[in-house]
Amino acid sequence: MGRSMSLRVQLLLLQALIVVATVAGTGVLVGALQERLLRDAYLDRMTAVAQSVARLPVILDAYGSADPSAVIQPVAEVIREASNVTYVVVTDAQGIRFSHPNPERIGEPVSTDPSVPLSGEIFVGTETGTLGESWRVKVPVFAEDGTIVGAVSVGILESALREEYAGSLTPLLAALGGAAVLGVLGAAGVTAIIRRRIYRLEPKQIASLVDANEIMLHGLSEGVIAVDGAGVITVANDAARDLLAAGDRKLVGLPAAEVLEPGLRAVLDDGEREGRLVLVGERILVARSTGRHRDDGRAVDATLLIRDHTELHDAVRQMEGAQSLTDGLRAQAHEFQNTMHVVGGLLELGLPQDALAVVRREGRGGSLGTEAADALQDEPELAALLMVKRIQARERGMSLEVDVAPRPEGGDGLRTGLIGEGDLVTIVGNLVDNAMEVGGVGTRIVLLIAWTDDRVTITVEDDGPGVQLALRERVFDVGVSTKDAPGTADGQAPQRGIGLALVRRIAERHRGSATVDDSPALGGARFVIDLPAVRPAHEEATR
């Protein structure tokens with residue numbers, strides 16, 4: 001198999017073919033117009049000559065003379081030579097010639113049908129006469145009383161027309177040839193420019209690069225979104241659509257302002273290259289961008305890279321929780337050893353009642369306490385989380401009290417329906433973390449979980465500085481935090497303000513609500529999350 005034609009040759013041949021076809025078509029059209037103009041010019045000239053001869057007084061007077069041709073022939077020849085036509089023939093009403101370029105033909109009848117001009121009409125057409133094929137005009141000659149006394153025929157040979165037409169085509173063909181040469185040279189220049197623009201790649205190489213780019217782009221786990229200077233999305237891979245929860249919606253061609261949430265638009269415009277945490281829906285994303293504006297303010301193309309940070313965030317929290325639990329268990333083991341020493345000492349001193357009191361005071365149920373541990377036996381993930389949070393609070397010099405209200409009668413099977421998704425753990429964890437980070441040593445935090453027949457309410461309150469009225473309407477918005485400046489309304493932080501926003505979005509997704517106000521008992525902030533309580537499907541079926 002021979003080598004395929006290179007892109008350079010293909011482009012050059014294609015453009016040359018277009019140039020030649022265009023020039024040839026133009027030449028044919030201009031040639032046809034040129035012929036039509038030439039014939040129209042001769043038609044106007046012949047019609048004018050014929051009508052002028054038919055109206056000449058000397059010609060009309062000659063019709064009544066004994067020898068009309070003696071007068072008409074010299075006049076007709078003078079007019080023929082002056083008008084640059086082939087012949088001017090004057091006839092009588094029977095078609096007998098009074099004039100002819102060949103005097104020997106005078107007195108003979110015309111070789112073509114004279115009926116049209118002798119009927120009073122003008123004839124225009126091509127006929128073959130004694131001189132050959134000619135383009136002619138025939139007009140009637142009217143006497144003073146309006147009767148037709150003869151006819152005038154003026155014509156030019158078709159061979160003379162073709163010769164003159166060919167002469168007029170010479171400069172036209174030269175111009176068209178020059179245009180074709182310039183067009184081909186221009187095509188060669190355009191081909192060279194295109195080749196440089198595509199790095200002298202061949203079609204197969206370009207197709208291979210496009211395929212590889214598509215495979216790589218859509219195979220990335222990181223979302224990639226490209227935006228042009230007008231703010232329209234030009235590229236969006238599969239990961240980006242998944243992270244933005246776009247579903248089957250086509251992102252390419254849509255304005256970025258309609259697709260991206262405010263946090264992502266801010267990263268795109270600002271050009272955050274190090275990465276910024278952004279909450280999109282219920283996902284925590286790390287976004288970075290090249291920026292949409294230069295230093296002079298001019299808009300340019302930009303690329304936005306987004307990566308899911310939710311799983312990493314959860315893994316870090318789980319690791320921190322496990323470490324805290326390990327440290328807490330180590331501390332509990334140390335306290336338990338001290339307790340055993342106290343109990344042993346009291347027994348050696350013969351004070352068994354005091355030793356029994358120490359044992360009863362310590363109680364049972366682990367770090368959550370007996371009642372909370374029993375109430376959360378159907379919520380193992382939440383119970384484990386709260387055990388870790390109580391240990392963390394104690395290490396920071398705070399206290400975390402967990403109060404789980406008894407479930408309503410017949411409500412032992414009530415659950416929030418969120419455990420499978422980890423949403424309940426996320427809500428409680430973020431609320432407790434928020435209270436712990438705002439408070440200081442000696443802060444008291446109370447968590448209350450209460451069930452009704454069809455709802456579950458999660459309340460977290462503390463005796464800290466609280467949330468000012470000016471901040472309460474925005475505290476659940478992305479980027480607004482109570483941790484940066486307690487007691488003030490200025491809580492903007494680019495890397496914070498995610499936890500409470502995530503809590504509200506989860507609550508609203510489950511047709512619940514999230515509110516904040518003052519704690520009437522402790523004096524600090526009180527966050528209340530109200531969610532629908534549901535029963536597992538197998539328990540509903542047995543009721």
Two-decimal ratio, segment 210-293, of alpha-carbon radius of gyration to 2.2 N^0.38 Å: 1.03
Rounded if a/c under 1.5, otherwise prolate or oblate - segment 43-152, Cα gyration tensor axes: rounded
Fully extended contour minus Cα-Cα distance, from Ser119 to Ala257, at 0.36 nm per residue: 41.4 nm
Dimensionless Rg over Rh [segment 235-284; C-alpha; Kirkwood]: 0.94
Projected label distance in nm at Arg455 and Asn338, using a 7 Å step from Cα toward the beta-carbon: 4.3
DSSP-assigned coil residues among trypsin sites (Lys or Arg not before Pro) in segment 247-276, each with at most 15 further Cβ atoms within 10 Å: Arg249, Lys250, Arg273
Mean shadow area of segment 217-257, taken as a quarter of the surface of its Cα convex hull (nm²): 2.7
Protection proxy ranking of 510-521, 437-448, 146-157 - average other beta-carbon atoms within 10 Å, highest first: 146-157, 437-448, 510-521
Percent of Cα-Cα distances greater than 28 Å, calculated over segment 65-214: 49
Added length on full extension, which subtracts the Cα-Cα distance from 0.36 nm per residue, Ala41 to Ser513: 160.7 nm
Computed FRET value (nearest 0.05) for Val20 with Asp477, which takes r as the C-beta separation and R₀ as 56 Å: 0.25
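Each reported figure results from applying straightforward, stated rules to the coordinates on display, with no laboratory input. Please read all numbers here as calculations on a predicted model, not as lab measurements. Using ideal geometry, Cβ is built from the backbone for each residue, glycine included, and neighbour counts are taken over all protein chains shown.
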